[in-house]
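The values are calculated or read from the model by the stated rules, or taken from the named source; none is laboratory data. Quick caveat: nothing in here was measured; it's all calculated off a predicted structure. Glycine gets a Cβ as well: all are built from the backbone with ideal geometry, and neighbour counts include every protein chain shown.
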């Protein structure tokens, strides 16, 4: 009885998870300042321009994190359907009146503020799927036609809109993270494999039919063949990584950030980390992400209910996928596609939304099952396939 009351009341947030996240944020701010100073001075006449904006977004992100942690994951569960519909409508609105940047139409502008609805959509879809799965018996999702197919139609709608926005990397993250949640929720692996193959049949043509994507693919195959064109960013990133060696050139000593690498403080900040801090710095980043993901999985496995468990799994999968894609692109392991490195890359929408999602994880961590807690027996309604709250 005492354990049950403690779970309902909630304890303190998970300190290891919070500490790792704060270390990553601090590390990221240092590297944004180092990587952005030359381009900020060249473009804006103020070498502090980008870091001041990043500090502002970080402060807003903290407010968002505290807000989501205070309102609680149970309220987010109640609003999950509205959040999902709202996110999809915003994605459609981008196609109608969105602003363009970097050759793609992915932003909505409100006065001087621009934001990417796709960043919000990644998490909104996770919340919705987690709620729907948690309210149905486990065997429901194992039925392909009545269980899994409706989820895949929703995924297809989100992925289709994002492909129309020329946001292939975002479509990949949404598709993969949603599939992970479905698998964790009880979907059969055979169905999962079939739908994964179907997804590839959509994403692969999307990657090669557009001329600019095909050029990126060709540049990935041999970036040195077009050294001053599509291969430029890849090659300059590889130069930065190679020149870092074991211990790097020293913090602030990067040469490639002096307008050689486009988006040095954004998509390619990992290359600057490798150049300035070397292999040691690269491993440090990998360890931080591994620790954050491992602790997040621990929270998911000890979450008080199905919704919170699947939600944390989904959030952590998004963080992990974005890390893998960003590092894969910078190291020329996968074709070039725009993807920020969570907590490290400069950017407003991505950082604020991720920190808001971290608030949800921290709230769930307050309610994790105490050690030695007795698992309540299933009642007859649950055994017959009643709602799993």
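On the basis of being part of a helix (DSSP H, G or I), closer than 19 Å to residue 133 by Cα and modelled with pLDDT under 90, does residue 183 make the cut? Walk me through it before giving the result.
Numbers: part of a helix (DSSP H, G or I): yes; closer than 19 Å to residue 133 by Cα: yes; modelled with pLDDT under 90: yes.
So residue 183 passes the test.
All but one of (1) closer than 29 Å to residue 265 by Cα; (2) outside any helix (DSSP H, G or I); (3) out of contact with any helix residue (DSSP H, G or I) (no Cβ under 7 Å at 6 or more places or on another chain) hold for residue 136, so report the exception by its number.
For residue 136, the exception is condition (1).
Do we find a residue being out of contact with any strand residue (DSSP E or B) (no Cβ under 7 Å at 6 or more places or on another chain), over 24 Å from residue 320 (Cβ atoms) and free of Cβ contacts under 8 Å to residues at least 12 places away in the same chain anywhere in the range 283-297?
Initial filter on the range 283-297 (out of contact with any strand residue (DSSP E or B) (no Cβ under 7 Å at 6 or more places or on another chain)): 283-297.
In the following step, the residues that additionally are over 24 Å from residue 320 (Cβ atoms) were identified as none.
Checked the range 283-297: no residue is out of contact with any strand residue (DSSP E or B) (no Cβ under 7 Å at 6 or more places or on another chain), over 24 Å from residue 320 (Cβ atoms) and free of Cβ contacts under 8 Å to residues at least 12 places away in the same chain.
Residue check: is residue 118 closer than 20 Å to residue 326 by Cα, in contact with a strand residue (DSSP E or B) (Cβ under 8 Å, 6 or more places away or on another chain) and either in a helix (DSSP H, G or I) or touching a residue at least 24 places away in the same chain (Cβ under 8 Å) (or both)? Steps first, answer last, please.
On the way: closer than 20 Å to residue 326 by Cα: yes; in contact with a strand residue (DSSP E or B) (Cβ under 8 Å, 6 or more places away or on another chain): yes; either in a helix (DSSP H, G or I) or touching a residue at least 24 places away in the same chain (Cβ under 8 Å) (or both): yes.
Yes; evaluated as a whole, the condition is true for this residue.
For the range 1-100, give me every one of the helices (runs of 4 or more DSSP H) that falls completely inside it and has 3 or more residues that are surrounded by 19 or more Cβ atoms within 10 Å (Cβ to Cβ) and more than 18 Å from the chain's Cα centre (by Cα). Talk me through it step by step, then tell me what you get.
On the way: elements: 2-9, 15-44, 49-71, 73-97.
Counting at least 3 such residues, we get 15-44, 49-71, 73-97.
Please go through the range 229-251 and give me each residue that is crowded, with 21+ Cβ neighbours inside 10 Å, touching a residue at least 40 places away in the same chain (Cβ under 8 Å) and in a loop (DSSP other than H, G, I, E, B), ordered by number.
none
Quick one: is residue 351 in a helix (DSSP H, G or I) and either touching a residue at least 40 places away in the same chain (Cβ under 8 Å) or under 9 Å from the mean Cα position of the chain (by Cα) (or both)? Working first, answer last.
Numbers: in a helix (DSSP H, G or I): yes; either touching a residue at least 40 places away in the same chain (Cβ under 8 Å) or under 9 Å from the mean Cα position of the chain (by Cα) (or both): yes.
Taking the combined requirement at face value, the residue satisfies it.
Please tell me if residue 130 is modelled with pLDDT of 85 or more and within 17 Å of the chain's Cα centre (by Cα).
Working: modelled with pLDDT of 85 or more: yes; within 17 Å of the chain's Cα centre (by Cα): yes.
Against the criterion (modelled with pLDDT of 85 or more and within 17 Å of the chain's Cα centre (by Cα)), residue 130 qualifies.
Provide a single number: the residues in the range 327-340 that are buried (at least 24 other Cβ atoms within 10 Å of the Cβ) and either more than 11 Å from the chain's Cα centre (by Cα) or modelled with pLDDT of 95 or more (or both).
Here the count works out to 3.
Checking residue 262 against (1) closer than 25 Å to residue 54 by Cα; (2) in contact with a helix residue (DSSP H, G or I) (Cβ under 6 Å, 6 or more places away or on another chain); (3) part of a helix (DSSP H, G or I): exactly one of these is not met. Which one?
The one condition residue 262 does not meet is (3).
For residues that are more than 21 Å from residue 354 (Cα to Cα) and either buried (at least 19 other Cβ atoms within 10 Å of the Cβ) or in contact with a helix residue (DSSP H, G or I) (Cβ under 8 Å, 6 or more places away or on another chain) (or both), tally how many sit in the range 274-305. Spell out the reasoning first.
Quick first cut of the range 274-305, residues more than 21 Å from residue 354 (Cα to Cα) only: 274-283, 302, 304-305.
Still in the running and either buried (at least 19 other Cβ atoms within 10 Å of the Cβ) or in contact with a helix residue (DSSP H, G or I) (Cβ under 8 Å, 6 or more places away or on another chain) (or both): 274-279, 281-282, 302, 304-305.
Number of matching residues: 11.
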